[in-house]
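Chemist: If you scroll down you'll find the structure; I have some questions about it.
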Amino acid sequence: MTLREIADLLDARILVGGDHLDIEVKTAFSADLMSDVLAFAKPGSIMITGLTNPQIVRIASIVDNSAILVVRGKIPPEETLTLAEELDIPVLSTRYILFETSGRLYANGIVGCVRKIEGPESVIPL
Amino acid sequence: MTQGCECSFSVEGEKFAEAGKVSVEIKKMLKKIGIPDDVRRRAAIATYESEVNIISYAIEGTVKLQVTRDRILIDIRDTGPGISNIEQAMEQGYSTANDRIREMGFGAGMGLFNIKNCSDTFEISSEEGKGTHLKILINR
Amino acid sequence: MDVAFLVEKLGLTVRCGEDRLDREVSGGYAGDLLSNVLAGSKNGDVWVTCQAHQNIVAVSVLKEHACIILTQGRQPDTDTIERASQEGIPLLVTELSGFEIAGRIYGLLHP
């Protein structure tokens, strides 16, 4: 799906990156705790989160997320949006909760990032 | 053409708003000197987790980056309470974070686990009451 | 739909609450920020989270969730299992990510 299609599906506001709506997204990672994103998110995936602090932008930049989708109707503060503009990462906001957001995207063909974990020694982080 | 570099950054404890500044900076620097995507990403993730650990648990710390022809070395030292049980701290999901830290999105207990997964070699030592030292090596 | 149905359909591992799998499921909530879960989740929700520490049990009890599902093979510690057992909250584990498991549960709730 493109970012534009994702925004339409979830009635999302485009807060940063209105000129990047044709980006193609195939995978998603949803988390409120950022270490999980670092461990498992794939480059190009969309980060879905209820966190709004600037961390989400730094993490997205580190793992090469294609965009950030903030849920629960939250609007990140100015410092987060400014950093997103600086690092050129689109930020969207939807009023749907994380569960519903994940559900709708999954139903539309977006898949998760993690391969099956066999045991503690064989987690594949990237 | 391979380029190298060497630089050092300070990280202050409790400065949660700053977490990630050093890793983002390092990632940019590594891109400028032509380090491939995958290696850059691993270095940035390992540095990020180290930064967050310093901010969450230590008084202050230093992140030193050294890039040579064939490897990236990230050396992190902090002063703080140290880690009493390193083996336990390395477990995926084990965390001593309090609720305040978790509400900011940290404290998932993946930090050291993530660092180890991103490194080609990883050394950790810690002294209770003094601090912790990490050496992360990633081959180019 | 009850918790037992989810366990069967999604191949979840039951860590405790085997005798409470008849709890009714009416919705889902995914999230790791306890304050958000307290504010936003509902009675009868399946709570999908990566948080495995014992504070999650109190939250689940307060909000009367149907069960807790830990993601990415996260194992709850013994304190968490004990608390959840005492409170009658089924603790389940999936190997899948939060996104994937939420997606699948959503699909079962909205066929």
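Chemist: If each DSSP helix of 4+ residues adds -39,500 (n - 2.57) and the sum is divided by the residues in the protein assembly as shown, what number results at 222 nm, nearest 500 deg cm²/dmol? Mind dumping the intermediate values first?
Modeler: On the way: 15 runs with 138 residues, N = 377.
That comes out to -10500 deg cm²/dmol.
Chemist: Follow-up question, since we're still on this one. Taking the Cα centre of each part, how many Å lie between segment A:46-76 and segment C:1-40?
Modeler: 26 Å
Chemist: With the cut-off at 1.5 for a/c, could you classify the protein assembly as shown from its C-alpha gyration tensor as rounded, prolate or oblate?
Modeler: Oblate.
Chemist: Tell me the volume per residue, in Å³, of the convex hull enclosing the alpha carbons of segment A:3-110.
Modeler: 80 Å³
Chemist: A follow-up question, please. Treating only the Cβ atoms of Lys and Arg (+1) and Asp and Glu (-1) as charged, compute the dipole magnitude of chain A about its Cα centre; round to the nearest 20 debye. Can you show the working numbers first?
Modeler: Details: 11 positive and 17 negative charges, 82 e Å.
Using Cβ point charges on Lys, Arg, Asp and Glu, chain A gives about 400 debye.
Chemist: Using Cβ counts within 10 Å as a stand-in for footprinting exposure, how do B:Ser95, A:Ser30, B:Ser84 rank, fewest first? Don't jump to the answer; show the numbers that get you there.
Modeler: Details: B:Ser95 21, A:Ser30 35, B:Ser84 11.
Starting with the residue having the fewest Cβ neighbours, the order is B:Ser84, B:Ser95, A:Ser30.
Chemist: Then there's this: How high is the relative contact order of segment B:5-139, given as a whole-number percent (alpha carbon pairs under 8 Å, six or more residues apart)?
Modeler: Values: 270 pairs, mean separation 36.7, N = 135.
About 27 percent, as a whole number.
Chemist: Contour minus end-to-end for B:Ile59 and B:Glu123, with contour as 0.36 nm per residue of separation and end-to-end as the Cα-Cα distance? Mind dumping the intermediate values first?
Modeler: Values: separation 64, 0.36 × 64 = 23.04 nm, distance 2.11 nm.
Gain on extension, B:Ile59 to B:Glu123, equals 20.9 nm.
Chemist: Now for a separate question. How crowded by other chains is A:35-46, given as the mean number of beta carbons from other chains within 10 Å of each beta carbon?
Modeler: On the way: counts 17, 12, 4, 15, 11, 7, 3, 0, 3, 0, 1, 1.
If you average over the peptide's residues, the count of other-chain Cβ atoms is 6.
Chemist: Something else about it: In chain B, how many lysine pairs have Cα atoms under 26 Å apart, counting only pairs 8 or more places apart or on different chains?
Modeler: For chain B, the number of qualifying lysine pairs is 29.
Chemist: Pick from C:Gly88, C:Gly40, C:Gly31 the residue whose mean-square fluctuation is largest in a GNM of chain C, springs joining Cα atoms under 10 Å.
Modeler: Sorting by GNM fluctuation, first place goes to C:Gly40.
Chemist: Could you work out the Rg to Rh ratio of chain C, with Rh taken as the Kirkwood radius (inverse of the mean 1/r over all Cα pairs)? Display every interim value, and only then the final one.
Modeler: On the way: Rg = 12.1 Å, Rh = 13.3 Å.
That ratio equals 0.91.
Chemist: Let me ask another. Take the alpha carbon gyration tensor of chain B, find the square roots of its eigenvalues, order them as a ≥ b ≥ c, and report rounded if a/c is under 1.5; if not, report prolate when a/b exceeds b/c, else oblate.
Modeler: Here chain B falls in the prolate category.
Chemist: Can you give me the C-alpha center-to-center distance between segment A:1-31 and segment C:49-77, rounded to a whole angstrom?
Modeler: 30 Å
Chemist: Now for a separate question. ³J(HN,Hα) across segment B:26-39 via Karplus (A = 6.51, B = -1.76, C = 1.60, θ = phi - 60°), whole Hz, x for Gly/Pro?
Modeler: Using θ = phi - 60°, the values come out as 4, 4, 4, 4, 5, 5, 4, 9, x, 6, x, 3, 4, 5 Hz.
Chemist: Mind checking B:37-43 for the average number of partner chain beta-carbons within 10 Å of each residue's beta-carbon? Could the numbers behind the result be given before it?
Modeler: Numbers: counts 2, 2, 0, 2, 7, 2, 1.
If you average over the peptide's residues, the count of other-chain Cβ atoms is 2.
Chemist: Given a Förster distance of 56 angstrom, what is the FRET efficiency for B:Glu12 paired with C:Leu10, based on the Cβ-Cβ distance and rounded to 0.05? Write out the running numbers ahead of the final one.
Modeler: Values: r = 44 Å, r/R0 = 0.79.
Plugging the Cβ-Cβ distance into 1/(1 + (r/R0)^6) gives 0.80.
Chemist: Give the long-range amide H neighbours of B:Arg140: residues separated by 5 or more places, or on another chain, with amide H under 5 Å away, using H modelled in the peptide plane at 1.01 Å from N.
Modeler: Those lying under 5 Å, H to H, from B:Arg140 are B:Arg71, B:Ile72.
Chemist: Peptide A:100-110: average number of partner chain Cβ atoms within 10 Å per residue? Display every interim value, and only then the final one.
Modeler: Values: counts 8, 5, 13, 12, 3, 4, 9, 5, 1, 0, 2.
For peptide A:100-110, the averaged partner shielding equals 6.
Chemist: Sticking with this one: Which whole-number percent is the relative contact order of chain A (Cα, under 8 Å, 6+ apart)?
Modeler: Computed value for chain A: 30 percent relative contact order.
Each reported figure results from applying straightforward, stated rules to the coordinates on display, with no laboratory input. What you see is a predicted model; the values in this text were computed from it and never measured. Backbone-built Cβ (ideal geometry, glycine too); neighbour counts: all protein chains shown.
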